[in-house]
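Everything on this sheet refers to the single structure shown next.
Derivation of every value follows stated rules applied to the coordinates shown; laboratory data play no part. Keep in mind that this is a model prediction, so the values were computed, not measured. Virtual Cβ from ideal backbone geometry, glycine too; neighbours counted across all protein chains shown.
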């Protein structure tokens with residue numbers, strides 16, 4: 001399998017995420033920026049099912065970047081672009097600077113299973129940069145575990161949150177209200193929430 005990583009959770013949640021994104025993405029050609037692409041499996045899964053999508057994967061981890069490009073090469077074609085190293089806490093991203101070759105603006109930005117395993121500054125940086133990277137009416141999508149009104153939605157999420165915070169006190173399951181408030185500061189509005197398998201949620205916001 002070479003440099004390709006295979007994350008079991010990514011494989012399990014791909015179809016459920018696809019069913020949320022499919023109607024949001026429509027049928028016209030669109031450019032989608034993925035923050036924290038991980039193994040690269042989502043890029044392959046989404047573009048194989050959605051031929052109108054060009055997927056721009058990013059990550060901070062060197063092994064993930066290698067894996068993304070290995071999955072991309074295996075998939076072939078141009079629907080998945082080469083992986084880009086991106087740190088959403090960096091000022092260049094937050095102020096809207098773009099790597100050479102990127103589109104002037106993206107139609108959607110997606111982020112799966114990251115903001116709970118990163119400092120809150122990463123979520124804030126992601127949102128600030130997204131406001132500058134997306135076209136008017138652009139879509140911002142989060143997937144993962146979330147709290148509602150300060151309460152966990154399942155005992156398993158509470159245990160997961162405790163485990164995360166024991167590993168790093170800056171990590172933890174985020175509250176929907178906290179994410180929404182940060183997004184509102186940059187012009188995003190929460191459009192809908194979708195209950196997902198395994199006590200996860202999809203958050204759909206637009207600018």
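At residue 165 and residue 193, where each label point lies 7 Å from the Cα along Cα→Cβ, what is the point-to-point distance in nanometres?
With each label placed 7 Å out from Cα toward Cβ, I get 1.9 nm.
What FRET efficiency would be calculated for the residue pair residue 3, residue 85, taking the C-beta separation as r and a Förster radius of 22 Å, to the nearest 0.05?
For R0 = 22 Å, the calculated efficiency reads 0.90.
At a 10 Å Cβ-Cβ cut-off, how would you order 37, 135, 163, 67, fewest neighbours first?
163, 135, 67, 37
Taking 0.36 nm per residue of sequence separation and subtracting the Cα-Cα distance, how much length would be gained by fully extending the chain between residue 95 and residue 12, in nm to one decimal?
So the extension gain works out to 26.4 nm.
At 10 °C and 1.306 mPa s, what whole-number value in µm²/s does Stokes-Einstein give for the translational diffusion of the chain, with Rh from the Kirkwood sum over Cα pairs?
After rounding, the answer is 92 µm²/s.
Quick one: length gained pulling residue 105 to residue 185 fully straight, 0.36 nm per residue minus the C-alpha distance?
Gain in length upon complete extension: 26.8 nm.
I need to check one value: relative contact order of the chain, counting alpha carbon pairs closer than 8 Å and at least 6 residues apart, in percent.
Across the chain, relative contact order equals 18 percent.
Measure out, as a whole number of angstrom, how far apart the alpha-carbon centroids of region 185-207 and region 13-32 sit.
Between the Cα centre of region 185-207 and that of region 13-32, the gap is 14 Å.
Residue 63 versus residue 120, label points 7 Å from Cα toward the beta carbon: distance in nm?
It works out to 3.0 nm between the two label points.
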